[in-house]
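Data first, discussion second: the structure below is written as structure tokens.
The values are calculated or read from the model by the stated rules, or taken from the named source; none is laboratory data. These numbers were taken from a predicted model, which means no experiment stands behind them. FYI the Cβ positions are ideal-geometry reconstructions off the backbone, even for glycines, and counts take in every protein chain you see. All accessible areas refer to the heavy atoms of the entire protein, side chains included, with ligands and DNA or RNA removed. Shrake-Rupley method; radii C 1.70, N 1.55, O 1.52, S 1.80 Å.
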Amino acid sequence: MTPKFNRIILKLSGEALAGEKGFGIDPEIVKVMAEEVKAVHDLGVEVAIIVGGGNIWRGVTGEKMGMERAQADYMGMLATVMNALGLQDTLENVGVPTRVQTSIEMRQIAEPYIRRRAIRHLEKGRVVIFAGGTGNPYFSTDTTAALRAAEINAEVILMAKNNVDGVYNRDPREDDTATMYNELTHLEIISKGLQVMDSTASSLSMDNNIPLVVFNLNRPGNIKRVVLGENIGTKVRGK
Ligand code: UDP
């Protein structure tokens, strides 16, 4: 039971907290996520979580409705904060100490993002939830995961996907001949146009040599399996 990594970034999309309805926050699902995180935390692994907001709001949706993109993106960033607070509450209920840090200051409800302080929390065994994305419109929480991974020297990004086992050459939901890759590089993802992260996140991960494991979040115990180095999902090499 020796973990393969000491410090990880777990990327949870907003969808991961939404349950079957596909929107909003499902407390039962969040509890399951919290238990999965606890299992990894109990191994002594330092865990930072980047949470998305797509279960509540996406900037591109607002843009399609005629809103200014930047304004709509700020709404998306606020959505990630709601998810972060829900996740924090549930993690603390299962006995995991946490801190939320936001990239846009909202001091009454969370700490502002301070890199050194985030690292200190991790060293003290607190799970740090990074909310608010990068704090900039036109970016995504995938890019935030790559950025924070580089900043805090995380050894890997665990990219948890909803009901998909890894990265496929074609969409497995539409094509049953699609095959899953065991291993890829960020450059291959970009050049083949594979749907893993957006291209900004992929190139930032490539430039900073950050490995990724893409795996199915919906199989119980999977986060722990990845941390213990089991061969599941698709590994994306830094270089
Ligand atoms: N967002 C942003 N800048 C960031 C991160 C997120 O503007 O650095 C906004 C963007 O509008 C995005 C929304 O927040 O649509 C929710 O984030 P994301 O789509 O990455 O969430 P996920 O798909 O992981 O649920």
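What the table below lists for this structure:
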{"read-out": "Bins of 10 Å from zero: percent of alpha-carbon pairs in the range 158-204", "value": "26, 57, 17, 0"}
{"read-out": "Helical segments meeting 18 Å axial Cα length and Kyte-Doolittle -1.0 threshold in the chain (DSSP H)", "value": "27-41, 69-93"}
{"read-out": "The range 64-195, accessible surface, carbon-and-sulfur percent (1.4 angstrom probe)", "value": "46 percent"}
{"read-out": "Extension gain from I190 to V60, taking 0.36 nm per residue of separation minus the Cα-Cα distance", "value": "44.7 nm"}
{"read-out": "P(r) weight above 17 Å for the range 69-137, C-alpha pairs, percent", "value": "42 percent"}
{"read-out": "Theoretical ellipticity at 222 nm over the chain - DSSP helices of four or more residues, -39500 (n - 2.57) apiece, nearest 500", "value": "-11500 deg cm²/dmol"}
{"read-out": "All-pairs Cα distance distribution in the range 45-94, expressed in whole percent, bin size 10 Å", "value": "27, 40, 22, 10, 1"}
{"read-out": "Full-stretch length increase - E92, T179 - with 0.36 nm per residue and alpha-carbon distance subtracted", "value": "27.4 nm"}
{"read-out": "Cα pair distances exceeding 25 angstrom across the range 36-163, given as percent", "value": "22 percent"}
{"read-out": "10 Å binning of all Cα-Cα separations within the chain, expressed as whole percents from 0 upward", "value": "8, 33, 40, 17, 2, 0"}
{"read-out": "Ratio Rg/Rh [Cα only; Rh per Kirkwood] for the range 7-111", "value": "1.00"}
{"read-out": "Interchain or long-range residues, amide H under 5 Å from T185's placed H", "value": "R237"}
{"read-out": "Magnitude of the charge dipole, the chain, Cβ model with Lys/Arg +1 and Asp/Glu -1, debye to 20", "value": "660 debye"}
{"read-out": "Heavy-atom accessible area per residue - the chain, 1.4 Å, Å²", "value": "48 Å²"}
{"read-out": "Amide H contacts of A18 (H built 1.01 Å from N, under 5 Å, at least 5 apart or other chain)", "value": "D26"}
{"read-out": "Computed over the range 1-57, Cα set: Rg, Dmax in Å", "value": "12.7, 39"}
{"read-out": "Amide H within-cut-off set for V100, under 5 Å, with H built and near neighbours excluded", "value": "E111, I129"}
{"read-out": "Of every Cα-Cα pair in the range 138-239, the percent that sits beyond 17 Å", "value": "49 percent"}
{"read-out": "Mean Cβ neighbour count within 10 Å, used as a protection proxy, ranking 4-14, 89-99 highest first", "value": "4-14, 89-99"}
{"read-out": "Nonlocal Lys pairs with alpha-carbon distance under 18 Å, the chain (8 or more apart, or different chains)", "value": "19"}
